[in-house]
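The values are calculated or read from the model by the stated rules, or taken from the named source; none is laboratory data. Just so it is clear, the model here is predicted, and its values are computed rather than measured. Neighbour counts are summed over all protein chains in view; Cβ atoms, including those assigned to glycine, are modelled from backbone coordinates with ideal geometry. Quick note on the areas: whole protein, heavy atoms, side chains included, nothing else; ligands and nucleic acids left out. Shrake-Rupley method; radii C 1.70, N 1.55, O 1.52, S 1.80 Å.
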Amino acid sequence: MPTPSHDSSPIRRLTLRDLTACADLSEDRGWPREEHKWGLLLAAGKGYGIDDPDGGLVTACVVTEYGPQRQPVLGAIGMVLVAERHARRGVGRRLMRHVVAAMGTTPLTLHATPSGRSLYEELGFKVTGRAEMLRGRFLPPGARQAVATRAATAEDLPAILRLDEDVFGADRTHVVTRLPAFADQLRVAEEDGRLIGYAAAWPNMETHVVGPLIARDTATAKALLAGLAERTDRPLRTDIDVRHEELLGWAKDHGLSSVAFNDVMTYGITELPGDWSRRFAPVTVAAG
């Protein structure tokens, strides 16, 4: 029997109660279930989806807003998925149009795979950057890092939040304050008692994802990445802005391999806020 049209099915807000359905949708499209990541995104962001009368979700996505709650300065769209049995019928396009309209004048960003880029361009998104995904078992450097790092403590959180907002260009307290519970590691780099960088490593299936990675310079980013790698027996995965050529080359020299490239796209702005030179990797590409 033909699958019924979902043109009139309501788009609704998703909550943490939909976590299993979202993970099922990921698995349906051949992605890892990523329940841990879905949990963060649904708690810190706004989920949108369409229910399938036969059970589960037809489509879903999550928007994470940054800046003042009443007037966000940026919204990051991620986890845009359509169930395989409903693919290529315009359902994803309808969901994205709804989300763009719901966000009003708030500038938007997303990381697009090659297969999704044409849809986003059709909706008015433009490519403004690129990120390279790396994965592998990190090989420790022979020499000691030039910058010392240590495990973060609760007392570091105010300084982390100040640094993060300065570099990211918007307040993301609702995401950063969840990192101590979400991540297995949170490390900081200091100089003369001043915080100059921080990074987290959080579990995602069999890997540890490094993100965010915020650092004063490449030497600090290297030290944070090496410090995180030293304390895990899992392969690492991270998505690094391609403009950070030195860090990318160094990471590849130490065991990580290029897996894929994603286009960073924006809507309503020509470039992301903040200081890209100190922003090496996102928390996750799904949240900017």
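Listed by first and then second residue, the pairs linking a residue in the range 84-96 that is under 17 Å from R117 (Cβ atoms) to a residue that is part of a helix (DSSP H, G or I), with Cβ atoms under 9 Å apart and 6 or more places separating them unless they lie on different chains, are G92/H86; G92/L119; R93/L119; R93/E122; M96/L119; M96/Y120. Taken over the range 77-90, the criterion of being more than 28 Å from V283 (Cα to Cα) and aliphatic (A, V, I, L, M) is satisfied by A87 alone. Listed by first and then second residue, the pairs linking a residue in the range 224-252 that is under 16 Å from G197 (Cα atoms) to a residue that is assigned to a helix (DSSP H, G or I) and of a type in the set (V, I, T), with Cβ atoms under 6 Å apart and 6 or more places separating them unless they lie on different chains, are L247/T218. As a summary of the residue check, Q69 satisfies the conditions (1) loosely packed, with under 15 Cβ neighbours inside 10 Å; (2) touching a strand residue (DSSP E or B) at 6+ places or on another chain (Cβ under 6 Å); (3) not aliphatic (A, V, I, L, M) except for the one numbered (2).
A quick yes/no check of all residues on (1) in contact with a Phe, Trp or Tyr (Cβ under 8 Å, 6 or more places away or on another chain); (2) more than 14 Å from L139 (Cα to Cα):
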| site | (1), (2) |
| --- | --- |
| G211 | yes, yes |
| R231 | no, no |
| R243 | yes, yes |
| F261 | no, yes |
| D275 | no, yes |
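With respect to being assigned to a loop (DSSP other than H, G, I, E, B), among the small types (G, A, S) and touching a residue at least 24 places away in the same chain (Cβ under 8 Å), A170 fits the description. On the given criteria, is L42 closer than 30 Å to I269 by Cα, open to solvent by less than 60 Å² (accessible area, probe 1.4 Å) and part of a helix (DSSP H, G or I)? Judged against the criteria, L42 is a match.
When you look at A201, is it under 18 Å from the mean Cα position of the chain (by Cα) and either surrounded by fewer than 18 Cβ atoms within 10 Å (Cβ to Cβ) or not charged (D, E, K, R) (or both), yes or no? If you could, list the steps in order and put the result at the bottom.
Working: under 18 Å from the mean Cα position of the chain (by Cα): yes; either surrounded by fewer than 18 Cβ atoms within 10 Å (Cβ to Cβ) or not charged (D, E, K, R) (or both): yes.
Yes, satisfied.
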